[in-house]
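Scroll down for the structure; my scribbles are underneath it.
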Amino acid sequence: MHDSSTRSISLEVYTAFGLKIASELELPELIPAAPGVVEDVVIRQADLTEWGEQLEQTHFMIEGESFMFHVPGTAIYAVRGGKEVEVCVYHGADPDTVRLFVLGTCMGVLLLQRRILPLHGSAVVIRGKAYAFVGESGAGKSTLAAAFTQAGYKIVSDDVIAVQATASKTIVYPAYPQQKLGLESMLQLEALQENKHGHLRKLTGELNKYAVPTVDSFHNEPLPLGGVFELVAESPNREFQREGELKAVIEHSLNMLECLHTLLLHTYRRVVIPRMSLGEWQFGTAARVARQVEGWRLLRNSSAFTASEIVHRVLDIICREEDSYGS
């Protein structure tokens with residue numbers, strides 16, 4: 001066996017989240033970068049077994065600028081200084097699951113280390129801007145994004161939305177052309193019929209979710225953030241009863257403080273932020289975003305398939321908003 005310090009391994013370079021990512025691991029979900037670009041991030045395989053015993057006692061560890069965690073039966077991961085990801089793959093681990101955590105938790109932590117705010121949600125291009133749809137797991141974010149693509153709109157991100165805010169503007173960086181959809185949502189959206197060539201892949205690390213390629217409906221350029229919609233799934237109650245009929249969707253405009261709270265609540269992997277000493281930075285960044293964009297909360301009837309109705313409602317809200325500003 002060759003010594004790992006002398007072996008020569010070619011790195012494939014990809015683009016995602018506004019970054020050029022050179023990787024020893026194949027990442028077929030990502031878009032290859034143009035030849036000759038300088039990478040921002042390197043992903044390598046490494047021996048991290050010395051940390052295994054400690055990581056079994058805790059969810060994650062932070063050592064200086066390194067963030068380490070392990071997924072039993074899959075891998076140990078170390079994210080270092082916003083520039084490196086090291087992966088120690090366990091023998092017999094499922095490659096799809098290994099990549100799931102590279103592209104999810106590792107990228108979320110790496111964005112935080114680079115002071116880019118990762119939101120948990122999907123983003124869609126509407127009228128030349130990216131609109132973010134955030135919410136708890138099961139709220140319908142990915143299903144709604146898929147409904148938008150069926151209506152001819154392009155997706156910017158699914159699961160992790162990379163947001164960078166300055167004093168004057170907020171930019172969303174595109175992720176990669178793949179969605180995670182539940183089987184029921186795919187059947188409702190007829191995604192199974194559209195993927196006739198067998199590209200659907202069951203996500204081993206996700207319960208009843210499938211990877212759905214979105215290459216043809218993916219927007220791969222940064223865009224200004226146009227607004228934030230929080231999706232909330234609720235059982236039908238009195239609020240949904242209007243004029244004798246059951247409403248599918250109820251909208252509420254968010255004031256700036258409510259929008260700030262929504263952004264803080266739906267920051268991706270927010271549980272790690274205090275341990276990374278990033279609470280003040282997260283608050284300041286979210287406050288800048290909340291000052292610059294409008295926010296809405298959409299309550300949807302959880303007992304009905306409401307994606308198509310929400311698409312129409314969102315487009316109507318954005319149209320009204322732009323007309324009110326005369327743009």
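Laboratory data are not the source of any read-out in this text; all were calculated from the coordinates shown. Values in this document were obtained by computation on a predicted structure and should not be read as measured data. No Cβ is skipped: glycine too gets one built from the backbone with ideal geometry, and neighbour counts run over all protein chains shown.
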Rounded to the nearest whole number, the Stokes-Einstein translational diffusion coefficient of the range 1-125 at 25 °C and 0.890 mPa s (Kirkwood radius, C-alpha pairs) in µm²/s is 160 µm²/s
Per-residue Cβ contact counts at 10 Å, fewest first, order His59, His261 as His59, His261
HN-Hα couplings for the range 224-233 via Karplus (6.51, -1.76, 1.60; θ = phi - 60°), in whole Hz with x for Gly/Pro, come out as x, 6, x, x, 10, 10, 8, 8, 10, 8
Going residue by residue through the range 76-84, the Karplus relation 6.51 cos²θ - 1.76 cosθ + 1.60 with θ = phi - 60° gives ³J(HN,Hα) values, rounded to whole Hz and with x marking Gly or Pro, of 9, 10, 9, 10, 10, x, x, 10, 9
Checked against the positive end of the charge dipole of the range 281-327 (+1 on Cβ of Lys and Arg, -1 on Cβ of Asp and Glu, about the Cα centre), the farthest of Ser308, Ala287, Cys319 is Ala287
Once amide hydrogens are built 1.01 Å from N within the peptide plane, the residues lying 5 or more places from Tyr14 or on another chain with amide H under 5 Å from its amide H are Ile21, Ala22, Ser23, Ala33
Of 77-89, 36-48, ordering from highest average Cβ density within 10 Å down gives 77-89, 36-48
Neighbour-count ranking for Leu144, Leu223 (other C-beta within 10 angstrom, fewest to most) reads Leu223, Leu144
Counting sequence-distant residues (5 or more places) and residues on other chains, those with an amide H built under 5 Å from that of Val160 are Gly121
With a ≥ b ≥ c from the Cα gyration tensor eigenvalues, square-rooted, and the rule rounded for a/c under 1.5, otherwise prolate when a/b > b/c and oblate otherwise, the range 90-182 is oblate
Given 61-67, 281-287, the highest-first ranking by average Cβ count within 10 Å works out to 281-287, 61-67
